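The values are calculated or read from the model by the stated rules, or taken from the named source; none is laboratory data. From a predicted model like this one, the values you see are computed outputs, not experimental measurements. Positions of Cβ are generated from backbone atoms using ideal geometry, with glycine treated the same way; all protein chains shown enter the neighbour counts. Remember, those area values only see protein heavy atoms, side chains included, never the ligands or the DNA or RNA. Shrake-Rupley method; radii C 1.70, N 1.55, O 1.52, S 1.80 Å.
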Amino acid sequence: MKPFDYVAPTTLDEAVHALAGNPAARVLAGGTDLLAQMKGGRREAPLVVDVKRIPDLLSIRMEEGGLRLGAAVPCIRIATNADVRAQYPALAEVASLIGGTAIQGRASIGGNLCNAAPSADAVPLLIVLSAVARVAGPGGIREIAVEDFCVAPGKNALGEGEFLVDLFLPKPAAGFKAHYLRFIPRNEMDIAVVGVGVSATVTDGQITTARLALASVAPTPLFVREVTEALVGKAPSAEAIAGAAALAEAAAKPISDMRAPAEYRRHLCGVLSRRALTAVLQ
Amino acid sequence: MKKTYVSMQLNGEPVEFLAEPSQTLLECLRDTLHLTGTKEGCGDGNCGSCCVMLDGTLVTSCLVLGVEAEGRTVTTIEGIAAGQKLHPLQKAFIDHAALQCGICTPGFIVAAKALLDQEPDPSEERIRLWLANNLCRCTGYDKIVRAVQAAAKEIREEKQA
Ligand SMILES: Cc1cc2nc3c(=O)[nH]c(=O)nc-3n(C[C@H](O)[C@H](O)[C@H](O)COP(=O)(O)OP(=O)(O)OC[C@H]3O[C@@H](n4cnc5c(N)ncnc54)[C@H](O)[C@@H]3O)c2cc1C
Ligand code: FES
Ligand code: FES
């Protein structure tokens with residue numbers, strides 16, 4: 001790796017100061033994207049700001065209205081946290097899907113989001129859980145809806161000097177379920193050919209909320225708003241699910257690469273959407 | 001670039017060293033502290049041959065900076081045996097011929113120990129999934145899984161005795 005300076009602030013203010021006036025500085029969480037990129041010469045930074053000594057970024061807290069997940073909490077702690085497993089089981093599952101055990105010891109959900117890869121496994125799920133990102137920077141604290149966070153491959157909505165503090169996940173209502181499904185050619189340790197996150201609430205036999213988001217079929221994780229419109233107000237049924245899956249398939253803008261041709265990805269969008277929706281609606 | 005002073009607990013002993021921020025923990029262990037049991041395979045998190053425990057959590061040391069270890073506790077393959085007495089996993093790897101060239105072995109043993117420390121009786125599927133972050137070019141994995149199962153059994157029996 002090219003030489004760089006390293007600081008490990010212990011408070012949000014210190015981190016804001018460290019990043020201020022240094023637009024090329026990079027935040028370090030688990031380093032499973034950043035250090036791999038820097039070692040490979042795909043990224044350079046004169047200054048690396050390690051945020052893992054700031055308590056806010058390392059805490060998992062149940063609050064009144066939901067869960068506050070520190071941006072740098074490693075996946076292994078999320079996957080084994082009793083509150084997360086009980087109330088956000090799909091999040092615990094996605095945390096145990098990223099990489100393998102040793103990667104999960106470092107990789108954070110915040111890093112997965114900030115890295116803004118189209119294939120990031122946690123992002124579709126965060127979108128369907130209606131997560132909100134809390135961001136700190138020179139202008140203070142602000143919030144960004146997760147569906148607006150990734151703006152291009154490897155680019156996020158953070159402004160100069162800003163960093164992600166935590167993610168807030170609203171408390172699931174009664175009858176709420178969420179699920180993430182990905183297709184990879186092996187069982188473990190691979191990049192999603194297609195990923196589908198879905199969530200829905202069914203109250204008295206009627207769908208009251210529904211969200212669907214896709215990975216690896218567009219320049220950013222893709223929130224398919226049409227699915228919400230198509231499902232809310234309907235009764236869960238095979239026809240409703242098929243209709244929503246067709247919308248997901250139509251919304252996908254896949255490319256062909258070494259992992260799969262575009263037509264195959266589009267087909268998978270439909271299949272996985274149908275399966276994931278069936279899992280939460282029936 | 002200016003070097004940074006780092007102090008950490010390494011295999012139960014305090015150590016101090018100087019590291020450039022861009023040096024990985026793996027480089028610091030091997031090149032500065034001369035503990036060469038931890039191996040470098042891919043250098044990018046895929047093969048697991050550089051696995052160590054950092055504050056009790058299994059990590060790939062090729063994707064950790066040495067300076068991040070300040071104040072932390074690190075356990076490497078050199079810290080697994082009790083003096084001259086091999087850990088049951090080390091013995092089982094030998095008895096079950098779970099290695100050929102051996103470059104993956106330190107990583108597998110550190111990773112398997114992390115599993116057995118928290119789950120004394122994992123299923124075969126659990127062992128295989130847990131070790132999916134470790135690659136072996138030689139053994140075909142089966143003997144490794146058998147060795148881990150045998151070591152788990154021995155550790156359980158030792159505990160009961
Ligand atoms: C072997 C291997 C397997 C993998 N498997 C998967 C997989 O199955 N699925 C998957 O989705 N990904 C996978 N990844 C990619 C990676 O592990 C994940 O994206 C991970 O969640 C990144 O988190 P991190 O904490 O390591 O981020 P880092 O590498 O620390 O950071 C990633 C990026 O986000 C920025 N960043 C991090 N935290 C913040 C913050 N708080 N504020 C602002 N910017 C920040 C960094 O500057 C950097 O640009 C894999 C990686 C490896 C090496
Ligand atoms: S050398 Fe670290 S995972 Fe391969
Ligand atoms: S024994 Fe040679 S790579 Fe595993």
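Values as computed for the structure displayed
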quantity: Residues satisfying the stated conditions in the range A:171-201, i.e. buried (at least 16 other Cβ atoms within 10 Å of the Cβ), away from chain B (no Cβ under 14 Å) and out of contact with any strand residue (DSSP E or B) (no Cβ under 7 Å at 6 or more places or on another chain); calculated: A:Pro172
quantity: Long-range neighbours under 8 Å by Cβ, at least six apart or interchain, first residue over 28 Å from B:Glu40 (Cβ atoms) within the range B:112-136, second open to solvent by less than 80 Å² (accessible area, probe 1.4 Å); calculated: B:Pro120/B:Ala152; B:Pro120/B:Ile155; B:Pro120/B:Arg156; B:Asp121/B:Ala152; B:Asp121/B:Arg156; B:Glu124/B:Val145; B:Glu124/B:Gln149
quantity: Single match in B:Val15, B:Val74, B:Val6 (criterion: over 24 Å from A:Pro46 (Cα atoms), open to solvent by less than 20 Å² (accessible area, probe 1.4 Å) and outside any helix (DSSP H, G or I)); calculated: B:Val74
quantity: Qualifying residue in the range B:147-159 (condition: touching a Pro at 6+ places or on another chain (Cβ under 9 Å) and within 14 Å of chain A (Cβ to nearest Cβ)); calculated: yes
quantity: Out of A:Val48, A:Val73, sole residue that is over 26 Å from A:Val280 (Cα atoms) and in contact with a Phe, Trp or Tyr (Cβ under 7 Å, 6 or more places away or on another chain); calculated: A:Val48
quantity: Count of residues meeting criterion [away from ligand 3 (no atom under 16 Å from the Cβ) and either buried (at least 16 other Cβ atoms within 10 Å of the Cβ) or in contact (Cβ under 8 Å) with a residue 60 or more places away in the chain (or both)] in the range B:45-59; calculated: 7
quantity: Total residues in the range A:8-46, condition in contact with a strand residue (DSSP E or B) (Cβ under 9 Å, 6 or more places away or on another chain), at the interface with another protein chain (Cβ under 9 Å from one of its Cβ atoms) and farther than 18 Å from A:Asn112 by Cβ; calculated: 2
quantity: In the range B:81-135, residue nearest to ligand 2 (Cβ to nearest atom) [restricted to those that are of a type in the set (Phe, Trp, Tyr) and over 11 Å from the mean Cα position of the chain (by Cα)]; calculated: B:Trp130
quantity: Number of the exception - B:Gly102 against (1) open to solvent by less than 30 Å² (accessible area, probe 1.4 Å); (2) without any contact (Cβ under 8 Å) to a residue 12 or more places away in the chain; (3) not assigned by TED's automatic domain parsing to the domain that holds B:Lys153; calculated: (3)
quantity: Candidates A:Gly100, A:Gly70, A:Gly111, filtered to the one that is open to solvent by 10 Å² or more (accessible area, probe 1.4 Å) and among the small types (Gly, Ala, Ser); calculated: A:Gly111
